[in-house]
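These notes concern the structure reproduced below.
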Amino acid sequence: MSKEDILEIVHQLKKAHQSKQPIPFIRDTFNLTEEEAYHVQELFIEHQLEEKNVHISGYKVSMTSKETQAIASTHEPAYGTLLSHHVLTSESKLSKSELFQPLLEPEIIFIVNEDLTLDAEETEILQKTSIAAGIEIPDARYIDWFPNFSLIDLLSDNTATGRVVVAESAPILTLEQLGNISLELYYNGEKIKEAFSSAVLDNPIYALRWLSQKLALHGTTLKRGMIISSGTFIPPIPLEIGHYEAVYSGVGKAEITIVN
């Protein structure tokens with residue numbers, strides 16, 4: 001893939017963001033490798049940092065289930081970069097008109113309290129992080145994107161990063177407890193979903209370990225203050241106008257109100 005093609009993809013994604021008009025899938029025109037698609041993501045993030053008053057807040061881990069990995073024909077998760085304008089506090093309001101074709105995913109958030117070493121393992125992660133209830137709102141810049149995306153489409157578009165809702169932090173649980181967190185998801189006061197954290201790679205901490213290992217390949221580590229959205233408990237659902245509440249045993253709850 002030439003440098004010009006890479007820059008053209010970044011340009012198309014920037015234009016979609018600015019115009020709020022979705023674009024055809026990248027794969028329809030360009031044939032990228034996984035590493036080239038991550039490079040597109042990196043360049044797009046660099047442009048965002050230069051052009052907007054934002055900073056890197058952390059990362060999100062996507063495709064933590066066999067089902068979503070099968071959609072993208074891959075055997076592992078993927079990561080995207082969270083910028084400060086992607087992050088909302090619990091009980092915020094969000095206008096659906098700001099987004100393209102948003103979904104909703106209940107997720108546990110890890111908060112990094114001390115810099116992690118390159119390729120950190122579970123013991124270090126447990127020592128240096130806390131957790132919080134969260135809700136991710138994936139959103140991609142492609143026409144009719146879910147579930148029709150490919151891996152390079154997803155990676156190029158920053159793994160469909162929309163918004164991430166983060167509640168107050170709570171002390172880290174044990175490894176066993178992290179694998180047995182129950183979720184109840186409510187929409188306008190009615191319970192619509194139940195699930196367990198074991199749906200996230202058997203344990204959300206394994207998503208964070210995977211991310212640490214993947215970032216290490218790119219010479220990057222997780223720094224103090226970063227937040228990590230670790231993967232959905234349920235298959236994503238369409239985001240509708242109304243009030244959502246995700247309640248996690250031993251962790252707390254995250255809330256978001258969606259308006260026009």
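Read the figures in this text as sums done on the coordinates, not as results from a lab. The shown structure was predicted, so the numbers you read here are calculated from the model rather than taken from an experiment. As a convention, Cβ positions derive from the backbone with ideal geometry for all residues, glycine included, and neighbour counts pool all protein chains shown.
Sticking with the crude label model, points 7 Å out along Cα→Cβ, report the distance from Glu4 to Ser249 in nm, one decimal please.
The modelled label-to-label distance comes out at 5.9 nm.
Are there any trypsin sites (Lys or Arg not before Pro) in region 13-91 that are in a DSSP loop and have at most 16 other Cβ atoms within 10 Å? List them by number.
Numbers: sites: Lys14, Lys15, Lys20, Arg27, Lys52, Lys60, Lys66; in loops: Lys20, Lys52.
Counting only loop positions with at most 16 other Cβ atoms within 10 Å, the trypsin sites (Lys or Arg not before Pro) in region 13-91 are Lys20, Lys52.
Please work out the C-alpha center-to-center distance from region 118-179 to region 227-250 and express it in whole Å.
11
On a straight-distance basis, which lysines could pair with Lys191 in a cross-link, Cα separation under 16 angstrom, same-chain partners fewer than 8 positions away excluded?
Straight-line reach from Lys191, under 16 Å: Lys253.
Any idea what Rg and Dmax come out to for the chain if you just take the C-alpha atoms, in Å?
Computed over the Cα atoms of the chain, radius of gyration and Dmax are 17.2, 51 Å.
Take the alpha-carbon centre of region 1-32, take the same for region 72-90, and report the distance between them in whole Å.
19
Report Rg (one decimal) and Dmax (nearest whole number) for region 1-65, counting Cα atoms only, units Å.
12.8, 35
So which trypsin sites (Lys or Arg not before Pro) in region 184-260 are both in a DSSP loop and have at most 14 other Cβ atoms within 10 Å of their Cβ? Don't skip to the end; give the middle numbers.
Working: sites: Lys191, Lys193, Arg209, Lys214, Lys223, Arg224, Lys253; in loops: Lys223, Arg224.
Here the sparse-neighbourhood loop sites are Lys223, Arg224.
How big is region 134-260 on each of its three principal axes, counting only the C-alpha atoms and giving the largest first in Å?
44, 41, 25
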